[in-house]
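The values are calculated or read from the model by the stated rules, or taken from the named source; none is laboratory data. The shown structure was predicted, so the numbers you read here are calculated from the model rather than taken from an experiment. Cβ placement follows ideal geometry from the backbone for every residue including glycine, while neighbour counts extend to all protein chains displayed. Ligands, DNA and RNA are excluded from the accessible area calculation, which covers all protein heavy atoms including side chains. Shrake-Rupley method; radii C 1.70, N 1.55, O 1.52, S 1.80 Å.
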Amino acid sequence: MNISTMFSSTILSWCDSKIVLLFLFVLLLLISSRRKRIRINFPPGPWVIPLLQDVLTGFDHHAADKAAKKYGNIFSVWRGCVKIVYVSGFQMVHEVLVTQGDNFLDRPVSPLYNEAFKGNGISVSNGYRWRRQRHFSVSHMKSIGNGGRTMELNILKECALLCGAIQEEQGGAFDPHMKINHAVANVIGFLIFGKCFSSNSPDFQALLNLSAESVSLVHTPLAQLYDMCPWIMRRLPGPHEIILSNYSKLAYFVRKQIEIHKKDWDPFYHRDFVDSYIGEIDKRRKDTEAGFRVENLAYCTLDMFEAGTETVTSTLRWALLNMIKYPVIQEEVHSEIERVVGRSRPPCLADRVYMPYTNAVLHETQRLGNILPMNTPRVARRDTTLGGYLIPQGTMVITSLSSVLHDKSEWETPLQFNPYHFLDSQGSFRKREAFFAFSAGKRMCLGEHLAQMELFLFFTSLLQRFSFSSPPGPELSLEAQGTAVMAPRPFKVHASPR
Ligand code: HEM
């Protein structure tokens, strides 16, 4: 390199760094000036250094719980130029999700999700389109899905395959994660595509991996930076590139399945969600606002896969971990299974009412597992008064499910695994108002019934066949990990046939 090239490249890099510094300075000024325009009576909150603290270091549910102790059940935090209100405790969260639920029904617009989902799907859409898409999905799940015996039989088939795969381990130590994940994903696969995929199907494995990778990347600080300044991030490398590419590959996989369905589609016999949706596209041709299009079908399908796979898998992993940690409780579950189901037949849903203890163990697993601590964000549709504060229209609102599931005024021993939270003095199952694992109100989880069916059938089938214990070595951790779904850290188990 000659002197003049060296000189010009030094000048260029000096200019580059000046431009970056100037850009950061202008961005900080913009953020600060927006932050100053706080309305009167807006909830108080910690002041965080723009960019550094609010995005790059993140503000997770632990930080939120700590801030709630200082500022109260309603406090605010800025993320870049976006004001966010955090709401904690059963009473206040109930107020947002149920009592004033209509004012907080919408999801905020996320540029990253918008680009990935193109305004389609259920979980990120709003208004009339969301209502129609959600209503259709719920009715489908009631008719073919969780309302019918077909779905139960299909889950039981997956339970038998899962037990078989565990049996093959012959009592050796193994990590149950992928086996459970495959079985659970197949339940959704059946609901949507009417078929199960083999564990060695490369397409299906790729679908699961791409989806898991996108979900975990969406919550990383850099991906969140995309939502703050999409116009810049679009031009820079980062996790958003992987997320967007994964979603287009996923949508391609689903579109291929839709094409296969179209070939032998029968208007009088709908095999699955895709078939019913194709029928709905035809029926609602004139109602363009409702959004029944092939493109939307692909994204609704992805929504169900994402929302219904990691959640149920992580809950079942928490359930196994709890059984290992609390062998006395495991014994109690074993004896209830022995009494009600026996060993000569598989369990079925009708057994659930006679198994209050097992049902309570599963609810307690969900309560303490707390897999979606900060729920999915909402946005104020209109100016609303909440706890004496004014929440202006357009404010993002995060409801802490974690604070409800661990609320001291609702639970006798909030931080201990205690199935008696869900049992009355007679030993019958007791519903609890503050059980918000699936959220609450009109926008609560639409897969709740399916998830409860899966949890009961998988868990009871596994414990009917095996006793679970920990392999020798360091004690298993009950600490959670994850960004979107709080799952157990990887762990190995011994499954001894009973
Ligand atoms: C243990 C399992 C599950 C848990 C804990 C769970 C929890 C949740 C929560 C907390 C929400 C956000 C609700 C809100 O904004 O207030 C949600 C939404 C959603 N869930 Fe689940 N879920 C589970 C399983 C499932 C399953 C099996 C499916 C699919 C069939 C599913 C489909 C959905 C969908 C589509 C949404 C978006 C609803 C909307 O925006 O209208 N979930 N879930």
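With all protein chains in place and ligands, DNA and RNA left out, the 1.4 Å accessible area ranks E169, E152 as E169, E152, largest first. Pairs K70/K442; K142/K179; K69/K408; K262/K442; K142/K256; K263/K283: which exceed 22 Å Cα-Cα? Flagged as over cut-off: K70/K442; K142/K179; K262/K442; K142/K256. The accessible area of D65, taken with all protein chains in place and a 1.4 Å probe, comes to roughly 50 Å². Accessible-area rank, largest first, for S110, S344: S344, S110, with all protein chains present and a 1.4 angstrom probe. Rounded to the nearest 20, the Cβ-based charge dipole of the chain about its Cα centre (Lys and Arg +1, Asp and Glu -1) stands at 1340 debye. For region 294-451, relative contact order (Cα pairs under 8 Å, six or more residues apart, normalised by length) works out to 21 percent.
Computed on protein heavy atoms with a 1.4 Å probe, the accessible areas place K142, K157 in the order K142, K157, largest first. A straight line joining the Cα centroids of region 355-380 and region 388-410 runs 16 Å. With all protein chains in place and a 1.4 Å probe, the accessible surface of region 38-497 carries 56 percent carbon and sulfur. A viscosity of 0.692 mPa s and a temperature of 37 °C, combined with the Kirkwood radius over Cα pairs in Stokes-Einstein, give a translational diffusion coefficient for the chain of 133 µm²/s. Entry comment: accessible area of region 38-497 is 44 Å² per residue, from protein heavy atoms only and a probe of 1.4 Å.
Rolled with a 1.4 Å probe across the full set of protein chains, the surface gives I232 an accessible area near 30 Å².
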